[in-house]
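Working notes for the structure below.
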Amino acid sequence: MSALALFDLDNTLLDRASAFARWSKRFIEENDLPSRAWSVIEHVDVDGTRSRRLFFDELRAQFGITTGSEDLIARYYVDYPACFTIESETVEALRLLRSRGWKVAVVTNGPRAQWRKLEVTNLADEVDGVCISEVVGAQKPDTAIFREAARTCGLALDGWMVGDSASADIAGGQRAGLRTIWMARGREWDLTQDSPDAIVSTIPEAVDVILQSVYGPALSA
Ligand SMILES: [Mg+2]
């Protein structure tokens, strides 16, 4: 097995839910929206999976926002990435993994603007490669994006994939021949789907699983 560890970005390495909540609070204030707006925004967001065009089209329709969707989207890609922070435990865990000779890459579905999240949090300095679907031209669960991530690290496509999406990260990783770790985020695994190799709540736990797979429990700490 290659010493290759691939990580999803949103709600895996970075707490996207908290960042989005911070952006929403500001958006609600700036647009003078009613108090029920947060639950609508959260619903329309679909955990970040809906296109921002549809997202803002619907918010404009629901709340009578007069600013055009194009302008709202342009502003969003400035304001929203700036809302991201990274936990020090995550940085320490990635440093531990890399200190043991592992190559670490981010594999994320999304627009080029995903880069700003890595810059704002300095996460770009903590990884060996970054693959963003819009840049690569393939998105998870397509094996092509995992293969590209391995290539940027100079390794064969063989190792681990860590992520919070059962379809994109776990099923995609399994199909690419990777071992997988699911970030549960308080959810139960759907037992009708092929199980990941491990289920964890934090990045340090995921790194522990990866290191134990090689060194065993005694030497992984
Ligand atoms: Mg994710």
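Taken across the range 30-41, residues that are within 13 Å of the ligand (Cβ to nearest atom), modelled with pLDDT of 95 or more and surrounded by 15 or more Cβ atoms within 10 Å (Cβ to Cβ) do not occur at all. Looking at D32, D71, D57, D47, just one residue is of a type outside the set (G, A, S), closer than 30 Å to L211 by Cβ and not assigned by TED's automatic domain parsing to the domain that holds S167, and that residue is D47. Within the range 144-203, restricting attention to residues that are among the polar types (S, T, N, Q) and within 12 Å of the ligand (Cβ to nearest atom), which residue is nearest to K103 (Cα to Cα)? If we take residues in the range 144-203 being among the polar types (S, T, N, Q) and within 12 Å of the ligand (Cβ to nearest atom), then S165 is nearest to K103 (Cα to Cα). Listed by position, the helices (runs of 4 or more DSSP H) inside the range 139-221 whose residues that are assigned by TED's automatic domain parsing to the domain that holds K103 and buried (at least 23 other Cβ atoms within 10 Å of the Cβ) number at least 3 are 143-152, 203-220. Can you find, within the range 1-35, the residue that is farthest from V200 (Cα to Cα) among those that are within 21 Å of the chain's Cα centre (by Cα) and of a type in the set (F, W, Y)? Looking at the filtered set, the residue picked out is W23.
Taking the criterion of being away from the ligand (no atom under 11 Å from the Cβ), surrounded by 17 or more Cβ atoms within 10 Å (Cβ to Cβ) and in a loop (DSSP other than H, G, I, E, B), the only residue of the range 1-21 that qualifies is A3. Each residue in the range 69-107 was checked for being touching a Leu at 6+ places or on another chain (Cβ under 7 Å) and within 30 Å of S51 (Cβ to Cβ), and 7 of them qualify. For the range 86-125, enumerate the residues that are assigned to a strand (DSSP E or B) and among the charged types (D, E, K, R). Correct list: K103 only. The requirement of being within 16 Å of the ligand (Cβ to nearest atom), touching a residue at least 40 places away in the same chain (Cβ under 8 Å), outside any helix (DSSP H, G or I) and among the polar types (S, T, N, Q) is fulfilled nowhere in the range 47-54; no residue meets it.
The values are calculated or read from the model by the stated rules, or taken from the named source; none is laboratory data. This is a predicted model, so every value here is computed, not measured. A quick note on method: Cβ atoms are made from the backbone with ideal geometry, for glycine too, and the neighbour counts reach across all protein chains shown.
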